[in-house]
Amino acid sequence: MIRSRIVPVLLVVAAPLASYGCNKGSGEGGAGAAASANTAAADAEAKTIFEQRCVACHGAQGWGNGVAAAQLNPKPRNYTDVNWQKSVTDDDLKKVIVKGGAAVGKSPLMPPNPDLESKPEVVAGLVRIVRSFSGKPGPAPEASAAPSASASASAAPSASVSASAAPKGSASAAKQK
Ligand code: HEC
C-alpha cells in the first residue's frame, strides 16, 4: 500500500528538476556573427598556410611550377586547369590536402597536413584558394622557361637573413665601468 504512493511523488519532484536542465546553455545569441568572424580568420590562416606550405610546389600562380617542383614527377597539379577543376569535388580536395596524395591514390610527393584535420574551416579556405585559380591564365604550353624564371627568383633572398643573428651589445657593454 505505501509503495504505490511513492511513485507519483517522485514524478512530481523530478519534473521541475528536468526543466532546469533544459534551460542551461540558452543565451548563445550571436552564433551567426561569430561564425562569419571565424570564417574570416580561417581564410586568413589558410592564405598564410598556402604561402608557407603550398607555393613552394604549386607556385604562386597555381601553375604547379613552384621552386621545389622542378625535381618532382609527377608535377604538382596546375590549378588553373579548368577541366581538372571540374573533375574533382571539394571533398576530394579536402581529402588530398589533409591526408596527402598517397591516401587518395596520387603521388606521395603531395604531402599530408595532419594538423589541419582538426581545422575544417582552414581546409575549406585552402579549397577556396585552390578553386580561385580556376580559369586564370596558365603557363604557356611548352614555353615554360620564361615565366618560371621570375617565379624562382622570389626564393633567393633567404641567404641574407642569417646575418642579422650576430650577437650585439656585448662589446660595448664591456667598456663601461
Ligand atoms: C612537396 C611538394 C608539394 C607541396 C608542398 C604541396 N603539394 Fe599539392 N601536390 C604535389 C604533387 C606532386 C601533386 C600531384 C599529385 C599527383 O598528380 O599524383 C599535388 C597535387 C595536389 C592537388 C591535386 C590533387 C588532385 O586531385 O589531382 C591539390 C588540391 C593539392 N596538391 C593541394 C595542395 C595544398 C593545398 C598544399 C599546401 C597545403 C600542397 N598541395 C602542398 C606536391 C606538393
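Brief remarks follow.
- Residue identified as exposed (fewer than 14 other Cβ atoms within 10 Å of the Cβ) and either at pLDDT below 95 or among the polar types (S, T, N, Q) (or both) among 120, 167: 167
- All positions within segment 43-55 that are surrounded by 15 or more Cβ atoms within 10 Å (Cβ to Cβ) and hydrophobic (A, V, I, L, M, F, W, C): 46, 49, 50, 54, 55
- Filtering 29, 21 for residues that are out of contact with any strand residue (DSSP E or B) (no Cβ under 9 Å at 6 or more places or on another chain), in a loop (DSSP other than H, G, I, E, B), at pLDDT below 95 and not polar (S, T, N, Q) leaves a single hit, 29.
- Those residues of segment 75-103 which are of a type in the set (A, V, I, L, M) and within 7 Å of the ligand (Cβ to nearest atom), in sequence order: 88, 93, 96, 97
The values are calculated or read from the model by the stated rules, or taken from the named source; none is laboratory data. A quick note: this is a predicted structure, and the numbers were derived from the prediction, not measured. A quick note on method: Cβ atoms are made from the backbone with ideal geometry, for glycine too, and the neighbour counts reach across all protein chains shown.
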